[in-house]
Number of protein chains: 2
Amino acid sequence: MRSGAGDAVEQGYLAIGSDGVEVRVRRRAGESTLTVKSGPGARRVEEELPIDDRRFSSLWALSEGRRVSKIRHLVPLDGGLTAEVDVYADALAGLLTAEVEFPSEEASGTFTPPPWFGEEVTGDPRYANQSLALHGAP
Amino acid sequence: MRSGAGDAVEQGYLAIGSDGVEVRVRRRAGESTLTVKSGPGARRVEEELPIDDRRFSSLWALSEGRRVSKIRHLVPLDGGLTAEVDVYADALAGLLTAEVEFPSEEASGTFTPPPWFGEEVTGDPRYANQSLALHGAP
């Protein structure tokens with residue numbers, strides 16, 4: 001677990017190809033990465049390359065207008081599960097999402113969300129970070 | 001100077017953003033890189049990251065249909081100049097380009113191309129590698 005203060009996450013999209021390949025840079029807790037991901041439907045490819053601060057700053061400039069800033073909190077839940085709670089900032093201020101990874105399909109099926117979770121948006125593409133960066137909050 | 005056999009260059013575009021930011025992978029003489037370049041008109045940014053063979057193979061798969069293969073020869077010219085002669089392969093077989101970098105504007109202005117250079121295409125965007133990869137030979 002991280003501290004209650006959470007991690008600042010800055011994520012900016014450099015390019016999104018016509019077939020959905022996305023290239024983004026991200027800084028979290030002082031570590032920066034460049035990530036290339038295949039588009040939907042394609043055989044899944046995801047490569048994450050560590051980059052230094054100078055490269056992050058240089059590339060960040062290319063993501064203007066396609067950015068997401070948020071604070072990620074790790075919140076313990078019953079049954080040993082953890083929720084990743086993202087509190088969005090800047091243009092997305094007011095949006096808050098929670099995500100839980102389950103050890104199995106069964107654990108997912110029997111999970112009862114705590115009352116503070118709010119509306120279910122799993123599978124809603126408008127909440128993908130790429131969509132939030134390009135189109136704003138739904 | 002490299003040997004007369006030239007260097008095989010394989011270049012594939014991962015994503016080209018709506019504002020022209022391009023992300024490509026390249027393998028030349030056993031060295032692989034991932035390059036991010038700003039689009040035309042923007043403040044120039046270019047970052048080249050070395051990547052290992054595994055990452056190159058993984059990312060290369062995402063460039064299908066957006067590739068250029070060529071052999072680059074370095075050909076000495078009069079006056080200490082060097083021509084980079086690219087002999088394209090695969091879908092671009094038959095295309096050959098020569099490029100000379102000059103130490104000054106003046107040297108560029110007084111240069112007389114050798115007879116084998118053929119048609120002048122400097123500044124013709126159809127011969128940019130991105131365009132050749134996406135649209136084929138003009």
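Residues of region A:112-138 that are part of a helix (DSSP H, G or I), open to solvent by 100 Å² or more (accessible area, probe 1.4 Å) and over 28 Å from residue A:36 (Cα atoms): A:115, A:116.
Which members of region B:79-111 meet the condition of being open to solvent by 90 Å² or more (accessible area, probe 1.4 Å), free of Cβ contacts under 8 Å to residues at least 24 places away in the same chain and not in a loop (DSSP other than H, G, I, E, B)? Hits for region B:79-111 are B:90, B:96, B:99, B:105, B:106. Within the set A:39, A:12, the sole residue that is within 14 Å of chain B (Cβ to nearest Cβ), modelled with pLDDT under 95 and within 16 Å of residue B:17 (Cα to Cα) turns out to be A:39. When you scan region B:76-87, do you find a residue that is under 13 Å from the mean Cα position of the chain (by Cα) and facing another protein chain (nearest Cβ under 9 Å), even just one? No, region B:76-87 has no match at all. In region B:48-68, which residue that is surrounded by 14 or more Cβ atoms within 10 Å (Cβ to Cβ) and among the charged types (D, E, K, R) is nearest to the other protein chains (Cβ to nearest Cβ)? For region B:48-68, the residue satisfying everything is B:55. Considering every residue within region B:51-60, establish whether at least one is of a type in the set (A, V, I, L, M, F, W, C) and farther than 19 Å from residue A:51 by Cβ. The answer is yes; a qualifying residue exists.
Could you check, for region B:18-32, whether at least one of its residues is at pLDDT 95 or above, away from chain A (no Cβ under 11 Å) and not in a strand (DSSP E or B)? No, every residue in region B:18-32 fails to be at pLDDT 95 or above, away from chain A (no Cβ under 11 Å) and not in a strand (DSSP E or B). Among the residues here, residue A:61 does not qualify as farther than 30 Å from residue B:43 by Cα, outside any loop (DSSP other than H, G, I, E, B) and of a type in the set (A, V, I, L, M).
Residues in region A:14-47 that are out of contact with any Gly (no Cβ under 9 Å at 6 or more places or on another chain), hydrophobic (A, V, I, L, M, F, W, C) and buried (at least 19 other Cβ atoms within 10 Å of the Cβ): A:34, A:36.
The values are calculated or read from the model by the stated rules, or taken from the named source; none is laboratory data. Nothing here was measured: the structure is a model prediction, and the numbers come from that model. All Cβ positions, glycine included, derive from the backbone under ideal geometry; neighbour counts span all protein chains shown. Side chains included, ligands, DNA and RNA excluded: accessible areas come from the protein's heavy atoms. Shrake-Rupley method; radii C 1.70, N 1.55, O 1.52, S 1.80 Å.
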